[in-house]
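Trainee: Below you will find the structure I want to go over with you.
The values are calculated or read from the model by the stated rules, or taken from the named source; none is laboratory data. Here the structure is a predicted model, which is why all the values come from computation and not from measurement. Cβ coordinates were reconstructed from backbone atoms using ideal geometry, including for glycine residues, and neighbour counts include every protein chain displayed. Heads up: the accessible areas ignore ligands, DNA and RNA and are worked out on the full protein's heavy atoms, side chains in. Shrake-Rupley method; radii C 1.70, N 1.55, O 1.52, S 1.80 Å.
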Amino acid sequence: MLEFQNVTFRYPEDKEPILENLSFQVKDGDFASIIGSSGCGKSTIFRLINGLEKPQQGQILVNGEPIEKQRRYTAFMPQKDLLFPWCTIEKNLTLPMELQKIPKEEQKKQCTAVLEQIGMTEYRNKYPRELSGGMKQRVAFARTLLAGGSLLLLDEPFSALDFLTRVEMQEWILEQWSYWNKTILFITHDVEEAIFLSNIIFTIQECPFSTMKAVNVPLQYPRNREDLRKSDITQLKETLIRQLRKKEML
Amino acid sequence: MKKQIPAMVVALSILAVWQFIAMGMDAAYILPSPIQIVQKIWECKKVLLTVHLPATAVITGIGLLISVVLGLALAILMDSNAMIERGLYPVIIASQTIPTTAIAPLFVLWFGYSIWSKVLVTVLITFFPVVIAVFDGFKATKREMEELLLTYGATKRDIFIRLKIPTALPAFFSAIKMAIPLSLIGAAIGEWLGAQEGLGYYSKRMMTQLDGAGVFAPVVILSLLAMVSVMCISFIENKVINWRREL
Ligand SMILES: Nc1ncnc2c1ncn2[C@@H]1O[C@H](COP(=O)(O)OP(=O)(O)O)[C@@H](O)[C@H]1O
Ligand SMILES: [Mg+2]
C-alpha cells in the first residue's frame, strides 16, 4: 500500500507550495486514476513517488515504511520521450535490467516473455521509429513492467494517441494489469478514460491542493464499454466534470 | 544521383564561363583556365602527390586529432561541472570573434619552421568550433530521458554513456565534417608563413613565379582532399548513427 501523509512540496523556484498537506492512499491491486486540469501538479505527485523530488514536509510510506527504504517498489512511465531512438526494442526493454545488473540470460528470458505477452515478438530487433504510436506505448509499458516495481506510475500514457488507438490501448492496459498483477496509478485528464479503467478515482479540485476527492467506480472487471452508458455511470461522469470545472472557474 | 544533376549543371556552367573568360583574357599568370590548371596538375602530379600532399595531410591530420581529443575532453569537462561551464563557455564563445589566424606569425617565433607552428594554426582554427558543437550536443540531452534513467537507478556514468553520448553523436560528426575544411585552411595558412613543403607552400611559391595555374593546382587538390575526407566521415556516420535512417 502506498500512502501520502500530510505531504507538502514546493519547487525551489516557486514561492507557493504546489502540494500542501496532501494525504491519500493507494491499495495493492488497485487501478487508481488521478484526474485534474493540466499544470495543477499531477506529474509532481509522480516525481515525489519516484524520488526525483523530496517533500519538504510529510511522509510517503510503502506498507508503513518510508519509500526511500523500498528498493524498486515503483516503476515510472513518463509522459513523453519514452523510448531511446538509438536502441532496438530489445535494448530498450532490457535497459532497466542492465542498470540493475541483472544477469544477461535473465534479461533475455524476461524480454522474450514480455514481448510474447504483448504480441510483439517480431519487433525485437526493430528501432522505435519503425513502430506506430500505439506500439511504442506498448513497448514503453513493457519496459516499465521490466523495471520490476509492483506499483506502476503511468503519466498520461495515451493522451497523444488518436481516438481509436486510445480506445484499443485502454482495453489492452486492463488486460495487462490483470495478467501481471500490478498496482497502477494512472494520470489522465480524460474523465471517461478514468472511469473506464479504474476502480478508484482521485480528483484534484483546487490549486495548490491539499485534498484529492476519492470516488469509487461502481463497476466490475472485466470492463465493458457498454457500461459507460449506464445511468449511474453517466451521472458519475457529470459529477466529476462538475467538480473539475469548479476549479477552473475560480 | 538524379537529385545532383542541377548542381552538376551549375558547376559545369561556371567552369565553362571561367574557361571562356580565361581564353579571352589569355593571361595565365592572372587567370589560368580550368584546362590549364588540370594540365598543370598532370605535369606536376609526382611532386604534388608524393611530396606536398602528404606534408599537408600530416599537418591536417595531427591538428585535427589534437583538436578533436582536446575538444572532446573540454566539452566533457564543461558538461560534468557547472562551475567549469560557467567559467569557460562564455570565454570560448567570445574567443570566436578574435581573428586567431592573425597571430599565427607568432607561432613561427615559437616553433620555427617545424610542423608544430603549422599544427598549432590548425588546432587554433578547429578546436573551438569542435568544443562548442560537441558541448551543445551534450546539452541537447532530453531531461525527461535523463530522469527516466535516474528512476531506474542509473549513475552519472550510466547517463553519460547511455544517453549523452548517443545524443551528442550527430553533433560530433557534424563538428568533424566542419573541422576538416577548416583544418586544411589552417594548414595552408601555416605553410604560407614558412615551410619547405606542403600544398600551401607550393601555391605561394608559384605565386612568386607568376604561375597562375601553379597557384590553383594545389588549391584544387586541397579541395579534393577535403571532399574525400568529408565523404569518408559521412560514410562512417551513416554506419554508426543507423537509428536516424529513414525507412
Ligand atoms: N521540474 C520542475 N521544476 C520546476 N517546476 C516544475 C517542474 N515540473 C513542473 N513544474 C511546475 O509545477 C506545476 C505543476 O506541474 P505538473 O506536476 O507537471 O502538472 P500536471 O502534470 O498536472 O500538468 C507547473 O506549474 C509546472 O510549471
Ligand atoms: Mg503532467
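Trainee: Using a basic spin-label model with each label point 7 Å from the Cα along Cα→Cβ, how many nm lie between residue B:231 and residue A:192?
Mentor: In this crude label model, residue B:231 to residue A:192 measures out at 5.8 nm.
Trainee: For residue B:142 and residue B:238, calculate 0.36 nm times their separation in residues minus their Cα-Cα distance, and state this gained length in nm to one decimal.
Mentor: Answer, rounded to one decimal: 32.3 nm.
Trainee: Going 7 Å from the Cα of residue A:6 along its beta-carbon direction, which residues of segment A:57-77 have the amide nitrogen within less than 11 Å of the resulting point?
Mentor: So the set is A:57-59.
Trainee: Under the rule of at least 5 residues apart or a separate chain, name every residue whose amide H is placed under 5 Å from the amide H of residue A:120.
Mentor: The list, which skips near neighbours in sequence, is empty: none.
Trainee: Relative to the compact globular guide of 2.2 N^0.38 Å, what is the alpha carbon radius of gyration of the protein assembly as shown, as a ratio?
Mentor: That works out to 1.37 for the protein assembly as shown.
Trainee: For segment A:1-151, give me the percentage of DSSP beta bridges that are antiparallel, rounded to the nearest 5 percent.
Mentor: If we restrict to bridges inside segment A:1-151, about 90 percent are antiparallel.
Trainee: Residues of chain A: accessible area per residue at 1.4 Å, in Å²?
Mentor: Ligands and nucleic acids excluded, the figure is 48 Å² per residue.
Trainee: Taking the Cα centre of segment A:81-148 as origin, work out the dipole magnitude from +1 charges on Lys and Arg Cβ and -1 charges on Asp and Glu Cβ, in debye rounded to 20.
Mentor: Magnitude of the dipole: close to 60 debye.
Trainee: Ok, one more. Just the number, please: carbon plus sulfur as a percent of the accessible area of segment B:138-195, 1.4 Å probe, no ligands or DNA/RNA counted.
Mentor: 65 percent
Trainee: In Å², rounded to the nearest 100, what is the total accessible surface buried by chains B and A against each other with a 1.4 Å probe?
Mentor: 2100 Å²
Trainee: Right, next: In bins 10 Å wide, starting from 0, what share of all Cα pairs of segment A:81-148 does each bin hold, as a percent?
Mentor: Bins of 10 Å from zero give 23, 61, 16, 0 percent of pairs.
Trainee: If you count the DSSP beta bridges with both ends in the protein assembly as shown, what percent of them are antiparallel, to the nearest 5?
Mentor: Roughly 45 percent of the DSSP beta bridges within the protein assembly as shown come out antiparallel.
Trainee: If you count, for every residue in B:161-174, the Cβ atoms of partner chains within 10 Å of its Cβ, what is the mean?
Mentor: 1
Trainee: Another one. I'd like the per residue volume of the convex hull spanned by the Cα atoms of segment B:139-198, given in cubic angstrom.
Mentor: 101 Å³
Trainee: If R₀ is 35 angstrom, what is the calculated FRET efficiency for the pair residue A:245 and residue B:158, using the beta carbon separation as r and rounding to 0.05?
Mentor: After rounding, the FRET efficiency stands at 0.20.
Trainee: I've got another one for you. Just the accessible area per residue of chain B, please: how many Å² with a 1.4 Å probe?
Mentor: Ligands and nucleic acids excluded, the figure is 56 Å² per residue.
Trainee: Residue B:84 versus residue B:2, label points 7 Å from Cα toward the beta carbon: distance in nm?
Mentor: It works out to 5.1 nm between the two label points.
Trainee: What's the average, rounded to a whole number, of partner chain beta-carbon atoms within 10 Å of each residue's beta-carbon in B:230-243?
Mentor: Going residue by residue through B:230-243 and averaging, the value is 1.
Trainee: Quick check on packing: order B:187-193, B:75-81, A:39-45 by the mean number of other C-beta atoms within 10 Å, highest mean leading.
Mentor: Highest-to-lowest ranking by the protection proxy: B:187-193, A:39-45, B:75-81.
Trainee: Based on DSSP H runs of at least 4 residues, each adding -39500 (n - 2.57), what is the mean residue ellipticity at 222 nm of the protein assembly as shown after dividing by all its residues, to the nearest 500 deg cm²/dmol?
Mentor: -18500 deg cm²/dmol
Trainee: Here's something else I'd like to know. Inside 10 Å of the C-beta atoms of B:146-157, what's the mean count of C-beta atoms belonging to other chains?
Mentor: Averaged over the peptide's residues, the number is 6.
Trainee: Compute the Kirkwood hydrodynamic radius of chain A, taking the inverse of the mean of 1/r over all pairs of distinct Cα atoms, and give it in Å to one decimal.
Mentor: One decimal place: 19.0 Å for the Kirkwood radius.
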